Amino acid sequence: MLNKLLKPIISRLPENNRIERVWKLAQLDFRKRYYHDNLGILWSMLRPLFRIGVFYFVFKIVTKYEVMPNYGLFIFSGLVFWGIFVEGSNNGKVLLRKKRYLIENIQFNKIDLYISDAVANFISFFITFLAYTGVAYYVGIRYDYTIFYLIILIINLYLITMGTGMILAVLYIYVKDINHLWDIIRLFLFWTSGVFLRGEKFLEFFPPFLYINPLVGIMMNVRNVIFFIEPIDIELLSFCFIYGIGLYLLGYTIFTRFSDLALERY
């Protein structure tokens, strides 16, 4: 579907343009995830639907969890956005090694690898989010104009994700133990991002926690937009967005300066 929507735009661009190259790389990465499956890309829709069904069954029917209404959907809304970060940062960590054959044989900007990976990641997210909104509508959640804030929040999350991925890509080549350290950091980020609890609990306990884990601020605003249908916290949004830009620029600087030297160590 996305390919049909973007085709008229891409066809008007010059041959071998950067946008088309990024889009083709993203398409290839997305399709490779389901290449060997009998149902192919259909799994990209079935998997989130099955996962939402499991959460609904466990928390609504089996345990009757009373933390809040639709708690299973609350958790899944967090997992959807956590998935962007964990998939993007993990892919970014090994992207130089996985795509070395392209870097050595084709002249192009290596940053495009991260942009195309982000696009492929977004396609998966978009399909999953469609499944989420369908179930949300079924349980009675109705969206208003605040849903458009989600665009800014997604951009913010991708800035943090790409910045983290580029930093890890360079560190992974020089320091192999970063793999184990990142697993520990990722575990910490997961349990303190507000996936299972409202992020306000962490900030009430330790307000500077936002500086340690900006994902908790993004998660709070995401939940306001897609679950509680409340206005977003502009101050929180501003801080997280500045944090995301800073992390992306740091990752970009490290990557452009050291990626060539890092590749020589493979």
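We did not get these values from a lab; they are worked out from the coordinates using the rules stated. In this text the structure is predicted, and so the values were computed from the model without any measurement. Note that each Cβ is placed from the backbone with ideal geometry, even for glycine, and that neighbours are counted across all protein chains shown.
Worth pointing out:
- Selection among 102, 180, 206 by position relative to the dipole of region 16-263 gives 102 as farthest towards the positive end (Cβ unit charges, Cα centre).
- ³J(HN,Hα), Karplus 6.51/-1.76/1.60, whole Hz, each residue of region 114-125, x for Gly, Pro: 6, 5, 5, 5, 5, 5, 4, 5, 5, 4, 4, 4
- Neighbourhood net charge (10 Å Cβ-Cβ; Lys/Arg +1, Asp/Glu -1) for residue 121: -3
- Vicinal HN-Hα couplings computed from phi for region 68-74 (Karplus, 6.51 cos²θ - 1.76 cosθ + 1.60; Hz; Gly/Pro x): 6, x, 6, 4, x, 5, 4
- Summing charges over all other residues whose Cβ lies under 10 Å from the Cβ of residue 74, with Lys and Arg as +1 and Asp and Glu as -1, gives +2.
- Spin-label zone in region 153-189 - amide nitrogen under 18 Å from a point set 7 Å from the Cα of residue 242 along the C-beta vector: 153, 156-157, 159-160
- Residues whose amide H falls under 5 Å from that of residue 229, counting only those 5 or more places apart or on a different chain, are absent, with hydrogens built in the peptide plane.
- Rounded to the nearest whole Hz, the Karplus-based 3J(HN,Hα) values (6.51 cos²θ - 1.76 cosθ + 1.60, θ = phi - 60°) of region 235-244 follow the sequence 5, 5, 4, 4, 4, 5, 6, 4, 4, x, with x at glycine and proline.
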